[in-house]
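The values are calculated or read from the model by the stated rules, or taken from the named source; none is laboratory data. Since this is a predicted model, take the numbers as computed values, not measurements. Every residue, glycine among them, receives a Cβ derived from its backbone with ideal geometry; neighbour counts consider all protein chains shown. Note: accessible area is taken over every heavy atom of the protein model, side chains too, but ligands, DNA and RNA are not part of it. Shrake-Rupley method; radii C 1.70, N 1.55, O 1.52, S 1.80 Å.
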Amino acid sequence: MPDKMHIKLNVNGKDEEFLAEPRELLIYTLRERLNITGPHIGCETSHCGACTVTIDGKSVKSCTMFAAQASGKSVTTIEGIGGPDDLHPLQEAFKEHHGLQCGYCTPGMITRATKLLEENPNPTEEDIRFGMAGNICRCTGYQNIVKSIQAAAAEMNAAAASSSEAVGNKTVEAAE
Amino acid sequence: MIPAAFEYYRPQDMAGVLAILEEHGDDARVMAGGHSLIPMMKLRMAEVPHLIDLQDVGGMSGIEVGTDSIRIGAMVTQSDIIDDASLAAAAPILREAALQIADPQVRYMGTVGGNVANGDPGNDMPGLMQCLDARFTLVGADGERDVPARDFYEAAYMTAREDEEVLTAVTIPLPKGGYAYEKQKRKIGDYATAAAAVQITKEGDVCASAAIAMTNLSDTPVYSEAAGAALVGTALDDAALTAAAAAMLNDIDPTEDNRGPIAFKKHVAGVILRRAILRAWSRA
Amino acid sequence: MKDEVENREDRVANLKGMGCSRKRVEDARFTQGKGNYVDDIKLDGMLFGDFVRSPYAHARIKSVDTAAALEVPGVLAVLTAADLEPLGLHWMPTLAGDKQMVLADGKVLFQGQEVAFVVAEDRYAAADGIELVEVEYEELPVIVDPFEALQSDVVLREDLVGEDGSLPDGAHGPRKHHNHIFTWEAGDKEPTEEVIANAEVVADESMYYHRTHPCPLETCGCVASMDKVNGKLTLWGTFQAPHAIRTVVSLISGIEEHNIRVISPDIGGGFGNKVGAYPGYVCSVVASIVTGKPVKWIEDRMDNLMTTAFARDYHMTGKISATKEGKITALQCHVTADHGGFDACADPTKFPAGFMNICTGSYDIPTAYLEVDGVYTNKAPGGVSYRCSFRVTEAVYFIERMIEVLAIELDMDAAELRRINFIKKEQFPYTAALGWEYDSGDYHTAWDKALTTVDYEGLRAEQAQRVEDFKAGKTRKLMGIGLSFFTEIVGAGPVKNCDILGLGMFDSCEIRIHPTGSAIARLGTISQGQGHATTFAQILASEIGLPADSITIEEGDTDTAPYGLGTYGSRSTPVAGAATAMAGRKIRAKAQMIAAYLLEVHDNDVEFDVDRFVVKGAPEKFKTMKEIAFAAYNQAIPGIEPGLEAVSYYDPPNMTYPFGAYVCVMDIDVDTGVPEIRRFYALDDCGTRINPMIIEGQVHGGLTEALAVALGQEIAYDDMGNVKTGTLMDFFLPTAWEVPNYETDFTVTPSPHHPIGAKGVGESPHVGGVPCFSNAVQDAFRPFGNRHTNMPHDHWRIWRTANELGLHD
């Protein structure tokens, strides 16, 4: 049996170090080793996106990556996106607009959507449908997921507009 | 789905990669994004006792748009291709094709090198590279060699690459004229039922050159010289289109699968090809 | 206690009761990744079990050698049928009265069948162990076609043939052939044949409703934990019917039922996949008993698609007769039902073909006859109701296709043909020719609303123009207008008709009001995404006058919840929802007595008003439910027991019959076979609406599953019995990109027999959606001579239709 490897990850801001077989998939590292059970296993062949996490700024299906590949990188899961005291606007919007039913796809869906909105803060419906096409939902028919993401985008843009005003003022002050 | 156990390597340079390949021969496989290989390993349809992760090997992630040609490192991802403005300006067909591959998450991981090197007849990049007359750079113990994309594919998963070689870059002559990548698929994430890459130049109202390749209609990508030749010198009238489609149909050899029977695939190949040619022509 | 909200409208709003789009209480945990699904369960010392599965669809097992597997570090045990036989657990009863091998006993009957169960310290060792179990197979002839099965000399189930070659009766009566399971009839054979023989117009058609699969995003799985010290077994799992699972486990294991606790945690979608009992559950329990440790078994996606719970696979042949004017006079239907290697269909005991006898649909058909033959083949067992009540999707697809075919025969508009045959509003309650009593309906109103909204006349004019343009070579796209009008039959069901394994299909609710005026209610159902914690609290809020936000709903733990038959067949609202309302009314009745005592008036002199009891004629004199709750716990009230609790077991007097009118507009590329959904309008009447937001969400989801089934989703086999669609590459689950926006609409025709008039909605959009999408495809080709073409309408099959009609010439 191959030697276990020394793997280092930063998960949701926390450094993790452990020994693991090279074949340990990142999804199992998260779920079983680190007890981060937000990302789920749906298809195992990189079609459904339930296992989506963010790795060094990219949306990745963690069932199709070995923990060894991720060693040295930063991983963000749904748990790192927002919690009871600091819900992300997407988490709020999914609740508000009925963007989920059984909840199984939701962590991957929201995690992917955070990246989508980072890359494209003003997506059209078509942009959202195309940008979310790596995540399958069996319950909602997607209509309310699209609506939730649109609402979150509007919310985030409004917040950004008001905070950039504030930042802008500060910059002016600092320059003076 | 758990893959069989394997040794994992993450060498820091190409010499390290080659040394492992030398030692383990076809028991070793190099991996870029892993999105073709890992599912096969999980399904235990691919056995890889020694897995070499290329991510730390430098020099393969660049896109260089030169005056005559474009060089794309093997580790450039589909999403890098989509996001690179200079590449989109110089060879827009690459972006058009990349957007039709898989889904956003997979495009972050899937690389040009992996897509062209593994020899899967369903992959989109091989046909596209044949259309563009790309050359693949292979590095082995004996140094570097270039193989034209049009000579690279021998059969499904069988290519001109030796087991001890690594595909490091793709070089494309700067494409000219109109382009189109047309793909019919059942859904996002599917391989093509039929896909066509077309690059056409125009002089006056007449087609001056045409390069045409199709995907997933044979056990290799199909570059059809005859299909291109059928267009050259014509104004792309119906007769020319029919001749090009007939030439291509002569060159493809689809098999029946869940996407449909052979007759359907041949018909769709002709339709997709016509559409690609007309779209490319409208942009020429 | 001072009530802060006084305005009546505000008091109603404050309750968040029935009729409002209350946000879901489940969503906080799901959006933060804090759901608790079965694979999230992690127990000390937990082992993993997984199956060695047969690569062959039909083979004799010569030997199973586990020695090499047992050498793998971490592998603790490998169970085979031989190990289970002494316990009597190598076979298990199915829900359909048949029995099924838990582990292959001498032969295998379908690809992927469970042969051995490897138990290991982790999933890696289990996977490695599986590779090393050596099974010697002797291949047998494979039968994947039920018509061939009924002609073949090959005996699939030797266990069901007497040694002298005789055929003992099956669970549903006599069998005609060794591969035949049952014949089931409804209606009147001779009168129907006579009417059809003498009819002015007859249309006949054969259609195949292909095999597919519910494929929830979470696969099936369980964790079994036998506590040998206390003799208690705890079983967590993806169970749509946890109480029934407890009873089944007790019956087959011999463990007394009080020593078994079954828990359904959060479930990642069910759609029928998680109704049945699977070998994985049995093996996990046995493995936990053997090892004394908790054992987890989780299917992978291929296991899920290949082995648990297929749906449909009905070959249907019909005849429908009518007058020249289009008034339907009779309907005849024969079904050859492919049940796979074991009859594990999840239907009520007396209904081996489910409620297929709802196949007269929404129409007033005076005479009808249905006959269903169940057949064994070398395919996986299952036969679950994928997002529909028992076989109702098949029934509605059948009648909605027969109507279209009859319209072609009559050269009549299919919308008009439906209209003149609808059961009229004044005919309800209506007894159909095949026996069901429809509770309520107003089909004409719904149909007119739908057709007006979509501008049906305008669409037909546009379609006619498109046909002209196509013929003139101006376009290669055809336009299809898909219609469907469906009547569901849900809410199984009256105990006198419906049981599963002898368990009557009632359901239950138990309520405890806490002293400070909040409550917990427990039900015998289990949500898999339907939002029960939200909607059942709304029912209660309206019934007992406490805010929904103050009511916790709990399901799925058999140690705490009252017995119920679970969630499938849209039965939660019709049955458990009714139990909830009835239990709430018991609370209210006691509250009325307490209020009267506190207000010092006679019981009859107080009346309920939103959240309080008021003295009749003196609304300023009242006691709120909150005050009454407190009083129930702190005052000695003469003649009244302390506390405020109630339980109701509800046996519905009838099923409920939701209905709806759907229209789909589709453009079809004749050359590539690619369909494009331009518009989809769905009008649903599910009776009283509890939460419009959730109803709309259910409709979106059900339509999307319908789209998938109609346009490509199938479990396909080759001639060797190999599954060709075992991963999500080939098994079609649409992404956001392939799905349109839907327009939803409604009418409200309450159920007269349901306490709150609700009928259930979760499955309607699937039942009505499948024929609507299919009819759109077929309608596009009607002007060119198409009569019927089978689903799934994927690209190549649409292309084939065009090709056969000469549209590529």
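The table below gives the values:
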read-out: Matching option when the condition is touching a residue at least 12 places away in the same chain (Cβ under 8 Å), in contact with a His (Cβ under 8 Å, 6 or more places away or on another chain) and surrounded by fewer than 24 Cβ atoms within 10 Å (Cβ to Cβ), among C:T727, C:T747; value: C:T727
read-out: Test: residue in segment B:89-97 that is within 20 Å of B:A180 (Cα to Cα), in a loop (DSSP other than H, G, I, E, B) and either at pLDDT 95 or above or not assigned by TED's automatic domain parsing to the domain that holds B:Q184 (or both); value: yes
read-out: Given (1) small (G, A, S); (2) more than 20 Å from the chain's Cα centre (by Cα); (3) in a helix (DSSP H, G or I), number of the condition C:G721 does not satisfy; value: (3)
read-out: Selection count where residues are open to solvent by 30 Å² or more (accessible area, probe 1.4 Å) and under 34 Å from the mean Cα position of the chain (by Cα), scope segment C:443-468; value: 7
read-out: Residue match in segment B:45-66 (condition: modelled with pLDDT of 95 or more, surrounded by fewer than 15 Cβ atoms within 10 Å (Cβ to Cβ) and touching a helix residue (DSSP H, G or I) at 6+ places or on another chain (Cβ under 7 Å)); value: yes
read-out: Any hit, segment B:230-247, residues being crowded, with 16+ Cβ neighbours inside 10 Å, of a type in the set (D, E, K, R) and not in a loop (DSSP other than H, G, I, E, B); value: no
read-out: Residues of segment C:159-181 satisfying the condition of being without any contact (Cβ under 8 Å) to a residue 12 or more places away in the chain, within 30 Å of the chain's Cα centre (by Cα) and open to solvent by 50 Å² or more (accessible area, probe 1.4 Å); value: C:D169, C:P174
read-out: Test for C:A277: is it closer than 30 Å to C:Y376 by Cα, modelled with pLDDT under 95 and outside any helix (DSSP H, G or I); value: yes
read-out: Candidate set: segment B:1-27, residues that are without any contact (Cβ under 8 Å) to a residue 40 or more places away in the chain and more than 7 Å from chain A (Cβ to nearest Cβ); chosen: the one least open to solvent (accessible area, probe 1.4 Å); value: B:I20
read-out: Strands (runs of 3 or more DSSP E) wholly inside segment C:197-258 that include at least 2 residues being within 14 Å of chain A (Cβ to nearest Cβ) and more than 30 Å from C:E400 (Cβ to Cβ); value: C:221-227
read-out: Selection from segment C:54-77 of residues that are open to solvent by 40 Å² or more (accessible area, probe 1.4 Å) and of a type in the set (S, T, N, Q); value: C:S63
read-out: Residue match in segment A:19-32 (condition: in contact with a Ser or Thr (Cβ under 7 Å, 6 or more places away or on another chain), free of Cβ contacts under 8 Å to residues at least 12 places away in the same chain and closer than 26 Å to B:P3 by Cβ); value: yes
read-out: Given (1) β-branched (V, I, T); (2) away from chain A (no Cβ under 12 Å); (3) part of a helix (DSSP H, G or I); (4) open to solvent by 10 Å² or more (accessible area, probe 1.4 Å), index of the condition B:V30 fails; value: (3)
read-out: Hits in segment C:491-505 (condition: in contact with a Phe, Trp or Tyr (Cβ under 8 Å, 6 or more places away or on another chain) and surrounded by 24 or more Cβ atoms within 10 Å (Cβ to Cβ)); value: C:A492, C:C498
read-out: Entirely in segment C:594-649, the strands (runs of 3 or more DSSP E) that have 3 or more residues that are open to solvent by 80 Å² or more (accessible area, probe 1.4 Å) and of a type outside the set (A, V, I, L, M, F, W, C); value: C:618-624
read-out: Residue within segment C:204-225 that is in contact with a strand residue (DSSP E or B) (Cβ under 9 Å, 6 or more places away or on another chain) and without any contact (Cβ under 8 Å) to a residue 60 or more places away in the chain present; value: no
read-out: Single residue of segment C:792-809 satisfying the filter (over 29 Å from C:H213 (Cβ atoms) and surrounded by fewer than 16 Cβ atoms within 10 Å (Cβ to Cβ)) that is nearest to the other protein chains (Cβ to nearest Cβ); value: C:H808
read-out: Of all residues in segment A:75-119 being small (G, A, S) and free of Cβ contacts under 8 Å to residues at least 60 places away in the same chain, the one that is nearest to A:A154 (Cα to Cα); value: A:A113
read-out: Near pairs, Cβ below 6 angstrom, 6+ apart or cross-chain, from segment C:676-702 (more than 11 Å from every other protein chain (Cβ to nearest Cβ)) to any residue that is among the charged types (D, E, K, R); value: C:E676/C:D667; C:R678/C:D667; C:Y681/C:E743; C:L683/C:D745; C:C686/C:K759; C:G687/C:K759
read-out: Failed criterion for A:T37 (all others in (1) buried (at least 23 other Cβ atoms within 10 Å of the Cβ); (2) within 7 Å of chain C (Cβ to nearest Cβ); (3) of a type in the set (S, T, N, Q) hold); value: (1)
read-out: Among the candidates B:Q78, B:Q105, B:Q130, residue that is in contact with a strand residue (DSSP E or B) (Cβ under 6 Å, 6 or more places away or on another chain), surrounded by 24 or more Cβ atoms within 10 Å (Cβ to Cβ), within 14 Å of chain A (Cβ to nearest Cβ) and at pLDDT 95 or above; value: B:Q105
read-out: Subset of segment A:62-82 (residues that are touching a strand residue (DSSP E or B) at 6+ places or on another chain (Cβ under 6 Å), within 13 Å of chain C (Cβ to nearest Cβ) and open to solvent by 20 Å² or more (accessible area, probe 1.4 Å)); value: A:T76
read-out: Enumeration of residues in segment C:90-121 that are closer than 22 Å to C:L70 by Cα and of a type in the set (A, V, I, L, M); value: C:V102, C:L103, C:A104, C:V115, C:A116, C:V118, C:V119, C:A120
read-out: Residue in segment A:45-61 that is within 7 Å of another protein chain (Cβ to nearest Cβ), open to solvent by 20 Å² or more (accessible area, probe 1.4 Å), part of a loop (DSSP other than H, G, I, E, B) and not charged (D, E, K, R) present; value: yes
read-out: Qualifying residues in segment C:620-642 (those that are among the small types (G, A, S) and free of Cβ contacts under 8 Å to residues at least 60 places away in the same chain) - the one nearest to C:L503 (Cα to Cα); value: C:G639
read-out: Flag for C:T308 being polar (S, T, N, Q), in contact with a Cys (Cβ under 7 Å, 6 or more places away or on another chain) and under 22 Å from A:T45 (Cβ atoms); value: yes
read-out: 2 or more residues aliphatic (A, V, I, L, M), over 29 Å from C:T238 (Cβ atoms) and modelled with pLDDT of 95 or more: qualifying helices (runs of 4 or more DSSP H) within segment A:74-176; value: A:106-119, A:143-175
